[in-house]
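**Q** The structure is given below, and queries will be raised subsequently.
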Amino acid sequence: MRIGVVTFPGSLDDRDAARAIRLAGADAVALWHGDHDLHGVDALVLPGGFSYGDYLRAGAIASLSPIMTEVIDAAKKGMPVLGICNGFQMLTEAHLLDGGLIRNEQGRFICRDQGLRIENNASDWTTGFAAKAEIVIPLKNGEGSFMASDETLKTLEGEGRIVARYIGGNPNGSLNDIAGVTNARGNVVGLMPHPEHAVEAGFGPDTDDAMASGVDGLTFFTSVIAGALVAR
Amino acid sequence: MPTIVVEVMPKAELLDPQGKAVAGALGRLGQTQSALANVTGVRVGKRFEISIDGEADADALAAVRELADTVLSNSVIEDVVGIHVQDAPSSAVA
């Protein structure tokens, strides 16, 4: 399986995402924001960072990039797309996901290992998790507070489209402790925390067993690979 | 060359941490400057100045309205609170 990672001006986590994809067992394909070409990939990751310095709104200018025409088209046809942090912000700005992200309620950048509960293990990126699995992956952002209208929130909750919720306290004021959501089809997922930073023992969050040994993030990537094998 | 001004504010019902931080600073100043003592809140928004060729007529305003609703603001978190033609240019560039 080939999974594309799009690099935008100001992307930071594109290399980590590519490494996570390789560790999960797929080929990572570097894609460029200015191209109109997805190079035949089977899935896409929009990585974290600060595209265009968060000018206008976080993810807003990147969501208007040339390659986003192809990304939006592919997402609507069912290609699995994962937006992490800034990538999540781009997916909301591109109207592929509902809601929006605003500045953290305490006005501070937050960087820490964060507990999450997987609320939906049927999306293309979460099938490898047990129902209601509790995981720990890093959270690092300044504008991660998920907002949506009452009506949208009702729809997201009613249709089981909350992918992950913060546990152990709401870090940023997100409505209903929402850390990630999916679209109706379940192929597009946006996550504020960073699974790509918890994929290799020695470089992940601390666990009860050993320091920095947490690899809970790897399952997002192995899920989409397993899903592609089933589809064949 | 006319300029059309677009003003965007965070939605009234959403917390505005930026405004809150400014209000906090004003509150601290207010302890020593009585003129600030009655400030009860601050919200921070954005102002865009869009220069166009030709007349700032109804068509031009409609085009900027479209731009304001689709690009300059995100209706999930923000409202466009004003669109108007600027009376005089704020600066002339030679």
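**Q** For B:Q33, indicate whether it is open to solvent by 80 Å² or more (accessible area, probe 1.4 Å) and farther than 25 Å from A:T92 by Cα.
**A** Yes.
**Q** Okay, next question. Could you please find all residues in the stretch A:113-142 being open to solvent by 20 Å² or more (accessible area, probe 1.4 Å), more than 10 Å from A:P193 (Cβ to Cβ) and not in a loop (DSSP other than H, G, I, E, B)?
**A** Hits for the stretch A:113-142 are A:R117, A:E134.
**Q** Search the stretch A:68-103 for residues being assigned to a loop (DSSP other than H, G, I, E, B) and closer than 22 Å to A:K154 by Cα, and hand back the single one that is most open to solvent (accessible area, probe 1.4 Å).
**A** A:H95
**Q** So, A:I162, is that one away from chain B (no Cβ under 14 Å), surrounded by fewer than 19 Cβ atoms within 10 Å (Cβ to Cβ), touching a helix residue (DSSP H, G or I) at 6+ places or on another chain (Cβ under 9 Å) and under 30 Å from B:E13 (Cα atoms) or not?
**A** In short, no.
**Q** Now a separate question. Out of (1) within 12 Å of another protein chain (Cβ to nearest Cβ); (2) open to solvent by 20 Å² or more (accessible area, probe 1.4 Å), the odd one out for A:N176 is which?
**A** Condition (1) is where A:N176 drops out.
**Q** Select the strands (runs of 3 or more DSSP E) contained entirely in the stretch A:149-196, then report the ones holding at least 1 residues which are in contact (Cβ under 8 Å) with a residue 60 or more places away in the chain and closer than 15 Å to A:W125 by Cβ.
**A** Correct list: A:178-182, A:188-191.
**Q** Shifting gears a bit: Mind listing whichever residues of the stretch B:6-21 are out of contact with any Lys or Arg (no Cβ under 6 Å at 6 or more places or on another chain), more than 10 Å from chain A (Cβ to nearest Cβ) and surrounded by 16 or more Cβ atoms within 10 Å (Cβ to Cβ)?
**A** Once the filter is applied, which keeps residues that are out of contact with any Lys or Arg (no Cβ under 6 Å at 6 or more places or on another chain), more than 10 Å from chain A (Cβ to nearest Cβ) and surrounded by 16 or more Cβ atoms within 10 Å (Cβ to Cβ), the stretch B:6-21 yields B:V6, B:M9.
**Q** Same structure, new question: Being more than 10 Å from chain B (Cβ to nearest Cβ), assigned to a loop (DSSP other than H, G, I, E, B) and more than 24 Å from A:R19 (Cβ to Cβ) is the filter here, so list the residues in the stretch A:48-57 that pass it.
**A** A:Y55
**Q** What pairs can you find where one residue is in the stretch B:68-87 and within 13 Å of chain A (Cβ to nearest Cβ), the other is open to solvent by less than 40 Å² (accessible area, probe 1.4 Å) and among the acidic types (D, E), and their Cβ atoms are less than 8 Å apart, with a gap of 6+ or different chains?
**A** Correct list of pairs: B:N74/A:E93.
**Q** From the residues in the stretch B:36-45 that are among the hydrophobic types (A, V, I, L, M, F, W, C) and closer than 24 Å to B:S73 by Cα, which one is surrounded by the fewest Cβ atoms within 10 Å (Cβ to Cβ)?
**A** Among residues in the stretch B:36-45 that are among the hydrophobic types (A, V, I, L, M, F, W, C) and closer than 24 Å to B:S73 by Cα, the one surrounded by the fewest Cβ atoms within 10 Å (Cβ to Cβ) is B:V44.
**Q** Being part of a loop (DSSP other than H, G, I, E, B) and hydroxyl-bearing (S, T, Y) is the filter; apply it to the stretch A:197-219 and report the residue that is least open to solvent (accessible area, probe 1.4 Å).
**A** Among residues in the stretch A:197-219 that are part of a loop (DSSP other than H, G, I, E, B) and hydroxyl-bearing (S, T, Y), the one least open to solvent (accessible area, probe 1.4 Å) is A:S213.
**Q** Return the only residue of A:G142, A:G107 being of a type in the set (G, A, S), touching a Lys or Arg at 6+ places or on another chain (Cβ under 8 Å) and at pLDDT below 95.
**A** A:G107
This table checks each residue for (1) hydrophobic (A, V, I, L, M, F, W, C); (2) over 22 Å from B:D69 (Cβ atoms); (3) within 12 Å of chain B (Cβ to nearest Cβ).
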residue: A:E70; (1), (2), (3): no, yes, no
residue: A:D73; (1), (2), (3): no, yes, no
residue: A:G78; (1), (2), (3): no, yes, no
residue: A:L101; (1), (2), (3): yes, no, yes
residue: A:Q114; (1), (2), (3): no, yes, no
residue: A:F129; (1), (2), (3): yes, yes, no
residue: A:E143; (1), (2), (3): no, no, yes
residue: A:D150; (1), (2), (3): no, no, yes
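**Q** Restricted to the stretch A:21-40, and to residues that are without any contact (Cβ under 8 Å) to a residue 60 or more places away in the chain and not in a loop (DSSP other than H, G, I, E, B), which residue is nearest to A:G217 (Cα to Cα)?
**A** So, considering only residues that are without any contact (Cβ under 8 Å) to a residue 60 or more places away in the chain and not in a loop (DSSP other than H, G, I, E, B), the one nearest to A:G217 (Cα to Cα) is A:R22.
The values are calculated or read from the model by the stated rules, or taken from the named source; none is laboratory data. Bear in mind the structure is a predicted one, so any value in this text is a computation, not a measurement. We place every Cβ from the backbone using ideal geometry, glycine too, and count neighbours over all the protein chains shown. Heavy atoms of the whole protein, side chains included, go into the accessibility calculation; ligands, DNA and RNA do not. Shrake-Rupley method; radii C 1.70, N 1.55, O 1.52, S 1.80 Å.
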